[in-house]
Structures are given as C-alpha cells and as structure tokens.
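To start, the structure under review is shown below, and the notes come after it.
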Amino acid sequence: MTVVVALDGPAGSGKSSVSKAAARVLGFAYLDTGAAYRALAWRCLEEGIDTHGPADVIESLPSFEFEIGTDPDGYVVRVGSEDVTADIREPRISATVSAIARIPEVRQYLVDLFRSIISGTERPGIVVEGRDITTVVAPDADVRILLTAAEEVRMARRSAELSGVSAETTARELSSRDAKDSQVVDFMNAADGVTTIDSTDLDFEATVASVVALVRSTTATSAQHT
Ligand SMILES: Nc1ncnc2c1ncn2[C@@H]1O[C@H](COP(=O)(O)OP(=O)(O)O)[C@@H](O)[C@H]1O
Ligand SMILES: Nc1ccn([C@@H]2O[C@H](COP(=O)(O)OP(=O)(O)O)[C@@H](O)[C@H]2O)c(=O)n1
C-alpha cells in the first residue's frame, strides 16, 4: 500500500520545497498540485482563453495535455511538448491562477487527475502538496499536515526567491492571492485530524525533519495496529 502524505498551506509557507525534500529523504514520490493550476493558467494565457468567463476554460479542459514529474529529483512540468517549469512561476501566472482555480469544474477535473497520479505511484509513498489535499483530494491520507508560517516570514521567503520584483509587490501579490484562494478552500485552519507544523521559527532543515519524523512515527504506529 502506498503511504499518502497530504500537505496544505498558504503561499510561501514552504509546501513545495519542504515536501520535495521530505519525499527525497523518505524515498517517496512528490506531487505539486499547484503546478497543475499554474500550467492551466499558462495555457489559457498562451492561447488567449478568457480566464474570467468560466465556459471557455471549462471547454479547454479535455485538450489540456498536462504532464508532471513526480520524482523529487526529476521535477518538470509540461503542457503538450512545451517545458513550462520556469514559466509557470512568473508573476503574470500568479496573478491569473486564482481566477481559474475557483471554477468548480476545473477543480473537479484536476482533483480526479491528482487522484489518478496518486494511485499510480510506484514508490512506497507520495507527498502531495497544495491547498485542499488534506480536505478534498486525499482526506483519508495516512499523514495530514498543515504547514504554516507567519505572513511576514512567508513574504520575506518568497521575496528572497524572486529577483527583479520588489518586496512590496511580492507581499501584495501573496496576500491578495491567499485572500482569493481562501474564499474557495480553507487552508489557514487545520481540519480535524490534521497536524499543524508552524515553521515561523524553524529553519528549512528543521521543518523537513519535523515532517519526516511525523511520517515515520505515524506509519510506524499504524503498522503496529495492523
Ligand atoms: N522553514 C523554512 N525556513 C526558511 N526558509 C524556508 C523554510 N521553508 C521554506 N523556505 C524557503 O521559502 C521559500 C518559499 O518556499 P516554497 O516551498 O516555494 O513555498 P510554497 O510552495 O508554500 O509557496 C523557498 O525559497 C524555500 O526554500
Ligand atoms: N490544491 C491546490 C493547489 C493550488 N491551487 C491554486 O493554485 C495556485 C498556485 O499554487 P502554488 O501551490 O503553486 O502556489 P504557491 O503557494 O507555491 O505560491 C494557488 O494560488 C491556488 O489558486 C489550488 O487552488 N488548489
């Protein structure tokens, strides 16, 4: 049986980097669900699909050729034959993605896709990160985590990553995206049974270590009960 680790949190909390590193330590696969929403936004912009009128976005779903690498050392995102791994991090995508992520048909389509990727995992486990993994995509996951950090810390971390964009612009983008995304799914409060890891005062290695320790202790305990 594949061990499923579900991890949610707001923008800049460390979901992607921490999940990828934890997956590497555990020998698990890694699934970045936000990349799928970003890749769909990229494709809409590329093809001039109106992201405000849901009908056009919904109509484009069956021909959305999305591919993602789930090896933590082979992370790549493709739309058709195009490698969009870097492009989907651009500010124009961050500014568009919430509008398409609020369309219920888009969410259902991508949730089904994520579930099929999870069930096709060949590794002993998979770390899946996003906004609604603990609540919608994999509510029965073996380990469910909400990764948080104080807003100013998240802004500072994200700002350090983006060169050429001012700290003020990054902060504004991040908090406006969180506000829009929060109207659709609750990733600021831990659902029942979800463990909160607050990384405000933890460095990167300590945050990864606490995720790995939680996975190991939870899976060891459940093995004793079977
Ligand atoms: N606990 C931590 N301490 C310091 N920096 C961190 C920590 N967790 C993540 N980071 C850094 O913060 C930045 C944002 O992390 P990222 O994984 O992109 O967040 P998210 O996927 O939640 O948006 C990255 O540069 C990452 O290396
Ligand atoms: N499970 C998910 C993951 C992402 N998303 C959407 O996709 C966007 C990009 O997600 P992301 O995880 O790449 O964003 P960051 O937290 O890395 O900035 C979010 O702002 C949400 O609009 C979602 O709705 N549900």
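The values are calculated or read from the model by the stated rules, or taken from the named source; none is laboratory data. What you see is a predicted model, and the numbers here were worked out from it, not measured in a lab. All Cβ positions, glycine included, derive from the backbone under ideal geometry; neighbour counts span all protein chains shown. The protein model used for the area step is the full one, side chains on, heavy atoms only, and it has no ligands, DNA or RNA in it. Shrake-Rupley method; radii C 1.70, N 1.55, O 1.52, S 1.80 Å.
Can you check what the net charge comes to around Val185, using other residues whose Cβ is under 15 Å from the Cβ of Val185 (Lys, Arg +1; Asp, Glu -1)? Intermediate results must be reported in sequence, preceding the final value.
Values: positive: Lys15, Arg102, Arg107, Arg131, Arg144, Arg177, Lys180; negative: Asp8, Glu129, Asp132, Asp178, Asp181, Asp186.
Once all neighbours under 15 Å are counted, the net charge is +1.
Relative to one another, the C-alpha centroids of the stretch 46-94 and the stretch 206-220 are positioned 32 Å apart. If the chain linking Asp56 and Gln108 were pulled fully straight, counting 0.36 nm for each residue of separation and taking away their Cα-Cα distance, it would gain 17.1 nm.
Across all directions, the average flat footprint of the convex hull enclosing the Cα atoms of the stretch 25-79 is 4.1 nm². What the chain shows is 47 Å² of accessible area per residue, with the surface traced by a 1.4 Å probe over protein heavy atoms. With the convex hull constructed from alpha-carbon coordinates only, the stretch 105-218 shows a mean projected area of 8.6 nm² over all directions. With Cβ to Cβ distances under 9 Å as the rule, what net charge do the other residues near Val57 carry (K, R +1; D, E -1)? With Lys, Arg at +1 and Asp, Glu at -1, the net is -4. Shown here is the pair-distance distribution of the chain: with all Cα-Cα distances grouped in 10 Å bins from zero up to the longest one, the shares run 8, 34, 39, 17, 3, 0 percent. Run the accessible area of the chain with a 1.4 Å probe and give the carbon-and-sulfur part as a rounded percent. Result for the chain: 51 percent of the exposed heavy-atom area is carbon or sulfur. Arg144 sits among other residues whose Cβ lies under 10 Å from its own Cβ, and their net charge, with Lys and Arg +1 and Asp and Glu -1, is -4. Kirkwood's formula applied to the C-alpha pairs of the stretch 55-167 gives a hydrodynamic radius of 16.5 angstrom.
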